[in-house]
Structure formats: C-alpha cells, structure tokens
Amino acid sequence: MKYILVISILGFLFSTTGKGYAEPDDQSKVSILQDSAMIHAQRSYNNICASCHREDMSWFAKRKWKYGGTQNDIYTSAKTGYPDFGMPSFKNTFSDKELRDIAKLIHTKLELNIGENGIKDLDTKRISTEKLNLRLDTLITGLDVPWGMVFLPDKDMLITEREGKMIRFRNGKKIAEIKGLPEIISVGQGGLLDIRLHPDYKKNGWIYFAYTSSSNKNQLWSPALMRARIENNTLIDKQLLFKAMPEYKAAFNVGCRITFDRKGHLFLSVGDRGIVENVQNLSNDCGKIHRFNDDGTIPADNPFIHQVGANKSIWSYGHRNPQGLFYNTETGIFWESEHGPKGGDELNIIQPGKNYGWPVITFGINYDGTIITRDTAKVGMEQPITYWVPSIAPCGMTFIKGGKYKGWEGNVLVGSLRFKYLVRCEINGNKVVHKEILLPNIGRLRNVELGPDGFIYIAVESPGIIFRLVPVL
C-alpha cells in the first residue's frame, strides 16, 4: 500500500509539470506572499529596490530580460549586480537568504501579473485638478519607448523611439519611418533619444537629434549629437556635431536632452555615465551641459573657453543625469531637471560656469542604502530650486505659456518615470512655491512638451502612447 501511494504521488508530480514538482496554482502563490518571510522581503524591496524597479514592479512586468527572468536569475542579478547597466551588487546589503526571498517575491508577483502599466484607474474624460478641469486625448498608440517629439510646420509629428527609430505621424497615424539614420547603439538607457528643430527650421530645415554611438568594436559607446535635413522622409546633409568623450561600456545615465536659447545657441546634456569621478573634472564631457553654435562650433563666450585643460563646450557641470532641459526664451531662464541616485532628484536654474555639486553634495544616497556624502551644501556649489526625496525619476519637462491653461501660466511641468505621474511646479520669483501631482498612474512618463498649438503633449512608455492634455469647462 505504501509503495502504491508513493508511486501515485510521483506520477502526479511529473504528469503535472514535467519537471518533477507541482506548479502551485494562483491561490497558492497568493498564500506564499502572505508568508512572514515574504512580508519581510516586501519591506526590503520597498526600502531599497523600489526606487529603481517601482513599488508595483511595473519595471519588471514589461521588460525584456537581459540576464534571464527565472527566480534564480533574479537572485543572481541582485547578488552580483551588473554595474555597466546601473545595477549594483546587494550582497553586502542583504543576507543570502534575504536575497533569495526578494527574488522569490518578485518572481511570484510577476507570475500573478502584478505590476502592469497603464491608465486603467484614470478617468481620461474629466480630470479635476486644483485650478483646471482637463481631458486626456489619446493621439498615438503602438509605441514602445518614445523619447523625443517635435512638431513640423505642416503639423506632422516626428517621434524618436529609443530602439533606434524616427517615425513621422500625421493626425495620429504613422505615415513613414525616417530612413538614413546613423548607426545607433540601443543598449540599456542608450539609443535614439531627444530631437529638436532649429528655431529657424522653416528657412533652413535643420533637425537635431541625440543618440548613442560607437566608433570601435570593443562595445564602448558615447552620446552623440547630429543635425540633418529631411527629404522624402530620408535624412540628408547629415553632420556629426559632437561626441561626448571618453567612451565607456556603461549603459546608463546618458542625459541627452536638447534645447535652444533665444540667440540660437544649442544646449546638450550629458550624464555622468556612472563614472562619478569624471563629473568634477573639466577635461572630459561627462556630467556636463554643453553649449554650441547651431553648426556645432564653440561660442566665443562659453565660460571655460580660456581655461587651460577644460573642454570648451562646457556650459555647466556637476550634473548626474539631466533628462529635462527647457530654455525659456521669454525670460532667459534656463531650467533643468536631473535624476539623483536614491533620492535627491533636482530642479535647477542653470547658469554659465556654475558647479551643481554632484557627487560632492547631494540629497540622495546610493541604491544599496550606503552614504555617498553627508554634505548637501558647499561653498562654490549651486543648490537646487527644489528636490525630491524619494526620487520621482524626472524625465522630460516644459514651461507653460500662452492662454490655454488658465492659472498655470509660468509653471514648470516635470514628468515622473518612477511614480507614473506629472508634477506641476508653481513658480514665484524663480522659486517653487507649490507642487501638484497630476495624472496619477498615467504610465512611465518619458517626455512632456508644449506644442506650437499651445496644448501639452505627453509621452509614456511600455506601452508607448502619446497623449494631448486639453482644458475643459
């Protein structure tokens, strides 16, 4: 009788899964999450991991696993880390058992489809805010990670996809994929990034775009800036204006936002690439905002033009990962937002030659919870206009002008990747006096632009959607 029972059990296990064990059903997985070890793992995840991978685990739910998505793969990633992709090792932060429990927690939740991205809980027809009622129109769907968007004089839109596509849309419909792009290295946070039209585009036809480029076969790459014209939906007259040096393998903190001032100078942000010792060094391009003439030459009044050993294109330095740039041509104020580490995201007003402190001063800490520095201020280093703790992961920003958004004039809008919302920063005398969270759960907000029609356009990723925000009575 005992032998019959054992054989029956073994037969059930193998026939159920083919792997020698029974796959737990959804109810069993829910029970696993209620275990005391999983509750402890959830606390650890919230305290350390969520700053990058989101509380709802949406970063895992839609991602393409580079190093495998099994429970053991997740454990290995957390234990060993992948520094070139911004993933530190947590072997000194958690015990081996705690790491395995965190991996089990993540894997179990993903099997239960916890962590979906979207706007299911957002009423897009009537959105109430402190000063306005709004409607959210869906213009374009079917994208993955839209990064930059510009509006052509004929009202077509050009949208860059991080994977290396530039797409032309008319009335929300794809009409062409732009051909003739340079070789683009789409790895980690790199790829085809921001795009801008020349302020006098109607006369000269120049478009400018940032992307990650490689000049060797050693898997080293760097942010680059190119300008070109479009003819028959193909890039022509391509000119490489700048390539940030040195090249690295590191695939994160690339920056790559573009803006123009009222005199036609072009600004490009370059992140620290994870090599923090380079940021305070003026002889390299990392952790800097650069300023050029529209043809890529260096303006004669750049702040370090006469400093021996300094790169002449540098406009400001001490930046970690600037992914929001906006030059207000009406006031001459240059706004920037950047990612801190775990906490310490910043909104800054950029001035020539100034040092914005990273990594000497910061309001953030390392992702593994260790201290970077205890200093948040130091003589000779600029303070942010405002900062965020915990991190919101700011990406994309714009400045509200025109008459469509009554009560919002002069406000700064900043997108949040981490919390999937838009932040309205009320400005008074170049100070943030109030913040309002808008569009909760809209999705990982990658960019926000004020279109030439005066409406706000929003790009979210995974799935990639372009929205238009419209005031309603």
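A few points about this structure:
- Tally of residues being open to solvent by 40 Å² or more (accessible area, probe 1.4 Å) and out of contact with any helix residue (DSSP H, G or I) (no Cβ under 8 Å at 6 or more places or on another chain) across the stretch 374-421: 19
- Pro384 vs. criteria more than 17 Å from Gly451 (Cβ to Cβ) and touching a residue at least 60 places away in the same chain (Cβ under 8 Å): no
- Residue within the stretch 429-437 that is farther than 29 Å from Tyr317 by Cα and open to solvent by less than 10 Å² (accessible area, probe 1.4 Å) present: no
- Taking the criterion of being among the small types (Gly, Ala, Ser) and open to solvent by 40 Å² or more (accessible area, probe 1.4 Å), the only residue of the stretch 137-172 that qualifies is Gly142.
- Residue check for Asp200: under 22 Å from Phe326 (Cβ atoms) and surrounded by fewer than 20 Cβ atoms within 10 Å (Cβ to Cβ): yes
- Here the strands (runs of 3 or more DSSP E) wholly within the stretch 215-277 that include at least 3 residues being within 21 Å of Asn355 (Cα to Cα) and open to solvent by less than 10 Å² (accessible area, probe 1.4 Å) are 255-260, 266-270.
- Condition check for Leu469: open to solvent by less than 40 Å² (accessible area, probe 1.4 Å), assigned to a strand (DSSP E or B) and over 30 Å from Asn46 (Cα atoms): yes
- Test result for Thr362, polar (S, T, N, Q) and free of Cβ contacts under 8 Å to residues at least 60 places away in the same chain: yes
- Residue match in the stretch 415-427 (condition: out of contact with any Leu (no Cβ under 8 Å at 6 or more places or on another chain), on the phi > 0 side of the Ramachandran plot and outside any strand (DSSP E or B)): no
- When each of Gly296, Gly264, Gly271 is tested for being modelled with pLDDT of 95 or more and under 21 Å from the mean Cα position of the chain (by Cα), the lone residue that passes is Gly271.
- Residue list for the stretch 366-394, filter: in a strand (DSSP E or B) and out of contact with any Phe, Trp or Tyr (no Cβ under 9 Å at 6 or more places or on another chain): Thr386
- Looking across the stretch 92-136, the residues that are open to solvent by less than 30 Å² (accessible area, probe 1.4 Å) and at pLDDT 90 or above come down to Ile127, Thr129, Leu132, Leu134, Leu136.
- Scoring Gly454 on the criteria (1) within 19 Å of Ile392 (Cβ to Cβ); (2) open to solvent by 10 Å² or more (accessible area, probe 1.4 Å) leaves a single failure, condition (1).
- Condition check for Ile456: at pLDDT below 95 and among the β-branched types (Val, Ile, Thr): no
- Among the residues making up the stretch 282-337, those that are part of a loop (DSSP other than H, G, I, E, B) and of a type in the set (S, T, N, Q) are Ser283, Asn284, Asn293, Thr297, Asn302, Gln307, Asn311, Ser313, Thr329, Thr331.
- Hey, Ser283 open to solvent by 10 Å² or more (accessible area, probe 1.4 Å), closer than 24 Å to Ile361 by Cα and polar (S, T, N, Q) or not: yes
- Scanning the stretch 430-444 for residues that are touching a residue at least 40 places away in the same chain (Cβ under 8 Å) and assigned to a strand (DSSP E or B), we see that the one that is nearest to Ser462 (Cα to Cα) is Arg444.
- Of all the listed residues (Phe326, Phe363, Phe304, Phe334), the sole one being hydrophobic (A, V, I, L, M, F, W, C) and over 30 Å from Leu192 (Cβ atoms) is Phe363.
The values are calculated or read from the model by the stated rules, or taken from the named source; none is laboratory data. Please read all numbers here as calculations on a predicted model, not as lab measurements. For neighbour counting, all protein chains shown are included, and Cβ atoms are generated from backbone atoms with ideal geometry for every residue, glycine included. When the accessible area is computed, the model is the full protein with side chains, heavy atoms only, and any ligands, DNA or RNA have been set aside. Shrake-Rupley method; radii C 1.70, N 1.55, O 1.52, S 1.80 Å.
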